[in-house]
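Below you'll find the structure, written out as structure tokens, and then a few comments.
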Ligand SMILES: [Zn+2]
């Protein structure tokens with residue numbers, strides 16, 4: 001399959017400002033983030049997805065910790 005073969009793209013995920021297409025011809029994944037686009041191979045998408053999921057989960061944990069710390073401080077003040 002040559003680099004010049006026609007792309008056969010399918011939409012994997014689409015929302016305003018963030019779309020993910022897969023090109024079956026070139027087995028690449030294309031991210032469209034606003035005006036920016038990024039082409040990745042399948043492995044890089046998996047890596048990116050794992051990394052983003054880990055980041056979101058850690059961020060939530062961090063915010064939850066911060067939230068409970070603030071609630072604790074409020075309780076101390078009101079006591
Ligand atoms: Zn293509």
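The values are calculated or read from the model by the stated rules, or taken from the named source; none is laboratory data. Predicted model, so just to flag it, every value in this text is computed and none were measured. All Cβ positions, glycine included, derive from the backbone under ideal geometry; neighbour counts span all protein chains shown.
Condition check ((1) modelled with pLDDT of 95 or more; (2) exposed (fewer than 13 other Cβ atoms within 10 Å of the Cβ); (3) not in a strand (DSSP E or B)) across all residues:
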| position | (1), (2), (3) |
| --- | --- |
| 19 | yes, no, no |
| 22 | yes, no, no |
| 26 | no, no, yes |
| 32 | yes, no, no |
| 45 | no, no, yes |
| 48 | no, no, yes |
| 53 | yes, yes, yes |
Practice item. Would you point out which residue out of 19, 27, 39 is touching a helix residue (DSSP H, G or I) at 6+ places or on another chain (Cβ under 7 Å) and within 16 Å of the ligand (Cβ to nearest atom)? Key: 27
Check your understanding: On the given criteria, is residue 12 within 24 Å of the chain's Cα centre (by Cα), surrounded by 10 or more Cβ atoms within 10 Å (Cβ to Cβ) and in a helix (DSSP H, G or I)?
Key -> no
